[in-house]
Structure formats: C-alpha cells, structure tokens
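Step one of this worksheet: look at the structure below.
The values are calculated or read from the model by the stated rules, or taken from the named source; none is laboratory data. Bear in mind that the values here come from a model prediction, so they are computed numbers and not experimental data. No Cβ is skipped: glycine too gets one built from the backbone with ideal geometry, and neighbour counts run over all protein chains shown. Surface areas here come from the heavy atoms of the whole protein model, side chains and all, with no ligands, DNA or RNA. Shrake-Rupley method; radii C 1.70, N 1.55, O 1.52, S 1.80 Å.
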Amino acid sequence: MNITDLAGTGFQTGAIVRLKKLGQPDIVATSVVVTPETQITCDFDLTGAAGGDWDVFVENADGQSGTLAGGFQIRYPVPITTSISPASKTAGEAGFTLTVNGTNFTPDSDVMWNGASRVTTYVSPTKLTAVIVAGDITAVGTANVTVSNPAPGGGTSNALTFTIIPQKPSITSISPSFGPAGTVITIKGAYFGPSRGAATVNFNAIKAAAADYISWSDTEIVVRVPSDAVTGPVTVTANNGTSNAKTYTVSSPIWYLAEGTSDYGFVTYITIANPNTTAVTALVTYMTKTGPQTRAEISLPAMSQTFFDPSGDIGQTDFSTKVECKEEKTICVDRRMTWTGPGADSPEGHSSVGVTAPAKTWYLPEGSSKWGFETWLLIQNPSSTTDATATVTYMIEGEELKIVTHNVPRASRASFNMETDIGQKDASIKVESDIPVIPERAMYRNNRREGHDSIGTTAPATDYYLAEGTTDWGFTTYLLVQNPNATPTDVTVTYMTPTGAKPQAPFTMPANSRKTIKVNDVADVSKTDLSTKVHGSAPIIAERAMYWDNGTGEACHDSIGMDSPHATFYLPDGETYAGTETWTLVQNPNTTPVSVEISYLTNTGTGNVVFTETIPANSRKTFNMADKLPYIGASIKVTSKTAGKKIMVERAMYWNNRGAGTDTIGGFSN
C-alpha cells in the first residue's frame, strides 16, 4: 500500500517508518522518501496483516523518534471464493479437511458451513483449510461454503456449493445364492432407495426386466433371476452408483414332476442327466396320497444318464416327484409314462421335462374335454406345511371364462378332470395359487389309445418358440395360442422350414381366449418339417400338439413352447433299444447360421459321443441318435458354439414302429 502523505515535523532523510500493534510483528515501510522535513511518502506490504488500528512510528537516523498512536487503520477486504476441494462427499462418511481457494483471505478469515464457523487454518491469502466434522455430512443434500472476514471492513464471500451424495447401494446378502433362471431371490443391504425408479439389479451384464421386480425398499429387493442370466456377480445400480457384488450361481439342482403314477396300468420312468464332469448324488422324494416318501440316494456318474422306475419304491399309486442334487450342481430330470389302452393295438406314452421351481401362476394353452378327449390338470403342492388353494381359470374357445377353485393338500398331488369343471369344451388353463405349486396337464383320447402331457409356463411373453413340428410323414400338427390379456392381441406366426422362414397371415385374438391352428392347412407349409415362432403384440403363450397313425390307431405327443432361446439344452431321456427312435430337433431362430455341439451321454458316462453340426439361419435340423449310438440309452446335451447366438431344442421319441411317441422341451442354461 502506498502512503503519499505522512505529515509531521523533524523528519530526516534516512528515517525508518514502522506500523506497530501489540501482539503483531512490525510492518516496516519501504521506498521511504522525506520531502521536506514535514512529509514522508512510503509503501507498506499489508499482506497477512491483522486488521484494526496500528501506531505509526518514525525514527530518524540520529535515534530521534515519534509515534502517532492509532494513526493507521487496516481494513479487511471482502473475501472471494473460487473453488473448494473436495466438492462432494458421500453421506455418512468420516469428517475431513476442506480446502477453500480464492483471494483476500487473512489470518482472521473464517470458513463458514451453512453460515456456521468451522475451525479454520490460514495457509495464504489465496488458500484456507477448515475442519468439517462427520456430523456435517450425515444428510443427503447440499451445503453452502463461504468465507467471512471480520471488521473493520471485511464481509462474507460468495457461496460455493458442497454436495452430500447418497451412499452407494450396499449388498449384505442374497438368498438363495444359487438356483435356476426364474428363481425369486431376496437381496438385503442398504441404500437401495425407497422405490426402484430407474435403478436396476444386474446379473453380470444382464439387467432384470421391469416385470422381474416383485418388491423394492431401501434395505431389501425381491427380484426374479432373468431367463438369460449366467453365473456371476449380482449388483444393484441406483442414482448413487453401483453396489458391491455378491455371486449368484445359475444352476438347476432341484426338479419337480407333477404327473406320475404306477397305478391303472401305467409304468413311469424318471430319467436324470448329469452334465457335470464329476459324479453327483440325487435325492428323490415322492409326494403320494399317503404323504412324502423317499428312496435311497442315487449316484450319477459324470456326464451320464440314469433312469429308474418308482414302482419299486412306492408300489402302485399316484405320485409327484422332487429330485434334488445333493451337491447343488446342475442336473436335468424328465419323466416318461407308458400304457396300453383297453383293446388298443399298440402301447402309447407321454413325457415331460420337470420344472425347477414352483410358482403361484401358471399357463397351459392346450386342453380339451371335447372330441373324445379327457383332460386332467395335475397340481403338485411341494409345501410340507401348507395346503394350497388354486384358482383355475378356463379360457374357453368361443365362450366366456369359467373359474373354479380347488384345494391341494400339503406335500401331495391332486388331479382334476376338465369335463367335471366345465363340461365338454376346448379351453386353455390358467392356475393361480395362494402358495407356489407345479401343475401339468395330461390329455387322453379314444379310450386312452393315445395321450400326451406337458408342463405349463409361469409367464406369457411376446415371443414363443417351438422346435418340433411337421406336416409331412403322415403327421398332423396343431398350434395352440393362448391370449391371457384383458384386451385383444395381434398374433404373427412364422414357420422355420428347411427352405427358410414362412410367415402366416397375422390374426387378432379376443381377450382371454385360445386359438387352434391346424398347421397342415397353412398353404406354404402344408408338407414340410418346421419349427415355429409365435409373436404377439401383447404377451401370449404357445403350445404344439402332433398326431399320427401308423395303422394301429392314432397316437400323439405335445409340448409347451419356450419364451426365449438359450445357449445350452439338456434332455435326459433317450434310447435306441429295440427299434426305439430318439430325435433331437434343433431350431435356429437367428438370421445367421449357428454351430451346435451335440453330446450323447451314456448310462455309464463312458463311450459318450460328441459331434458338431451347422444349423442354417431361420431353420431346423433333426438328428437321429441311432446314427451315432445304436442300441443304447443316452441323455442329450446341445450347446450353441456361435457366440451370442442361442437356440431352441426339443426331443421326440417313437417306438413300436411309431405306434407310440413322446416329445418334450429340455432343461436349459446360458
């Protein structure tokens, strides 16, 4: 600061000028000029000087001096802030040191946090630090940071914003931590947010779809594992970041089979595929009319097929089955039932893969108590403690809905006759239960000369795939489409043939209805092998039934479709003994060819056969097990080897010169 007129008397050239204040170091003037003896000009560097009144002291070279008490006042400037560091912290973190940058700071400056002074350290005229305690950042929001200089002069700076951000989500547990796609899991932790909003649960890179979320709170999420999830980390991503990871293992260690009987002339076989490279152990529980019964543990060799007849364990009775891998590894289980109808010239059979978890809602598109059919709804209640109340909705073709209620005792299976419920009608079925259950539907015709069976599906979807199908070789194929919506739905059917995709003219389905398509009557596919894709403008369900007659009377098989293709399929049953045919149907719904690896897994796990084939775009190929393994039993594993391209697989079996046959989809993984 330049002083242009320090007035007095007796000033001499060479005089020293100082500012003095008790408790403060002197400020010595520079560039002192005495012009005449009554005036001095000089400069003072006031950087860091304390404000207030200072004495002016002048001392000549001969030692004479004079003091003007309180003759000079230092006034503080108004501070200016330019930046703070850090500018944000997460709520709940520990206290920290805040750095404030700017100008016009003094040793008496205070850093203010929302107007309240914080312990401040003066570093330089352009920098201060302040102690911010943990209590200052407990609540999400913002704080105003200012600097205050005291009087004389002084004032409060402009404000800078400090952001207190929410804590990142934190997962403490997921339960269960293993299971198949579609399993409902509970994620516990903190800072998920009070509602989902745009937040997501991530299974590896796969985000759960909106329909997969069952409940969401700040500390708990209940969500369904996506159908294309794979083993890996589960995280939660919200506005405040992505959580730590917990591992979910996608596996299918538990299987349920609702249908089964060793009575009334039926023979039931249960087949287990072990696709693991190590041996595992199967635990089997039968749910019978008299309660649950178990059998001895079954050792499953690595990469093998194992089958057994439950009648040796439980005698002649109706039953459902639960099969569990003791080691919690993936297995796959299906069931084949055979019988000969009264007076029939050939035995017949039906089969179905199991399901990996019970659920409260199921859909079954096929069903008829008309045209000589008997249709049975089999509902398995695996709960050991609670009876199930099932509400069954029949979506009758061309008529109004009919709703009936059935009770299923705990740890048991109950069978319900469609004709008893609704009379002689064609109808799809929806099952809603107060606790999770497993339904199947079995259908018989012509005094049980023929019959087929299928599991249901737990959710409609805009796309359904069916790998098997033909209008050639004496087969008649029917496509059953169920619209469970309260509004009409536009449906497009595309048939994938050896010569490429063949679309059928679109049609509209009324609300809560079923439509039956005789595929043989569709002109472009009237004599060809085919797979099918069914697309709805709203979610639908599709199923396929096939009929033929080898001269011993009509036979049939059936399968539910799947709402998406998958990377790997497992089909436990399969054999080539005594003329039995086992066909693997592989559908490629992609617009480019895919390479698939097909493995036949023998009873012992030795002598397995593995080969690779290419499936053209939008087409289907069929593989005869006897071409590779004559006169043997084997499970089937099919894997797409083309990265990112998934497939759909079914298995059809025939015996007695095609007097009998079965079909089913497989279990899957991604």
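Here is the figure for region 577-597: residues that are assigned to a loop (DSSP other than H, G, I, E, B), under 30 Å from the mean Cα position of the chain (by Cα) and surrounded by fewer than 22 Cβ atoms within 10 Å (Cβ to Cβ) total 4. In the set (1) free of Cβ contacts under 8 Å to residues at least 40 places away in the same chain; (2) of a type in the set (Ser, Thr, Tyr); (3) open to solvent by 20 Å² or more (accessible area, probe 1.4 Å), the condition left unmet by Tyr600 is number (3). Scan region 634-642 and give yes if some residue there is buried (at least 19 other Cβ atoms within 10 Å of the Cβ), assigned to a loop (DSSP other than H, G, I, E, B) and either basic (Lys, Arg) or not assigned by the TED database to the domain that holds Lys329 (or both), otherwise no. Within region 634-642 (the criterion being buried (at least 19 other Cβ atoms within 10 Å of the Cβ), assigned to a loop (DSSP other than H, G, I, E, B) and either basic (Lys, Arg) or not assigned by the TED database to the domain that holds Lys329 (or both)), the answer is no, since none of the residues qualifies. Taking the numbered list (1) surrounded by fewer than 22 Cβ atoms within 10 Å (Cβ to Cβ); (2) over 25 Å from Asn603 (Cβ atoms); (3) of a type in the set (A, V, I, L, M); (4) in contact with a Pro (Cβ under 9 Å, 6 or more places away or on another chain) in turn, Ala344 passes all entries but (4). Going through (1) open to solvent by less than 60 Å² (accessible area, probe 1.4 Å); (2) over 11 Å from the mean Cα position of the chain (by Cα); (3) within 30 Å of Gly354 (Cβ to Cβ) one by one, Gly189 falls short only on (3). Any residue at all in region 211-220 that is under 30 Å from Ala50 (Cα atoms) and in a loop (DSSP other than H, G, I, E, B)? No, every residue in region 211-220 fails to be under 30 Å from Ala50 (Cα atoms) and in a loop (DSSP other than H, G, I, E, B). Among residues of region 238-253 that are touching a residue at least 24 places away in the same chain (Cβ under 8 Å), those with a beta-carbon under 7 Å from a residue that is assigned to a loop (DSSP other than H, G, I, E, B) and among the aromatic types (Phe, Trp, Tyr) at least six positions away or on a different chain give the pairs Ala238/Phe192; Asn240/Tyr191.
For region 280-316, which positions are touching a Lys or Arg at 6+ places or on another chain (Cβ under 6 Å) and either modelled with pLDDT under 95 or open to solvent by less than 50 Å² (accessible area, probe 1.4 Å) (or both)?
Restricting attention to region 280-316, the residues satisfying the condition of being touching a Lys or Arg at 6+ places or on another chain (Cβ under 6 Å) are 280-281, 283-285, 287, 313.
Within region 280-316, Val280, Thr281, Val284, Thr285, Met287 meet the criteria.
I want to confirm something. Restricting to region 648-670 and keeping residues that are part of a loop (DSSP other than H, G, I, E, B) and open to solvent by 10 Å² or more (accessible area, probe 1.4 Å), which single residue is nearest to Leu257 (Cα to Cα)? Restricting to residues being part of a loop (DSSP other than H, G, I, E, B) and open to solvent by 10 Å² or more (accessible area, probe 1.4 Å), the top hit is Asn670. Only one entry of Gly14, Gly63, Gly70 meets the criterion of being in contact (Cβ under 8 Å) with a residue 12 or more places away in the chain, surrounded by fewer than 16 Cβ atoms within 10 Å (Cβ to Cβ) and either of a type in the set (D, E, K, R) or in a loop (DSSP other than H, G, I, E, B) (or both), and that entry is Gly14. Among the residues of region 23-34, those identified as open to solvent by 60 Å² or more (accessible area, probe 1.4 Å) and of a type outside the set (Asp, Glu) are Gly23, Gln24, Pro25, Val28, Thr30, Ser31, Val33. Among the residues of region 508-531, the one identified as under 22 Å from Arg658 (Cβ atoms), open to solvent by less than 20 Å² (accessible area, probe 1.4 Å) and assigned to a strand (DSSP E or B) is Ser531.
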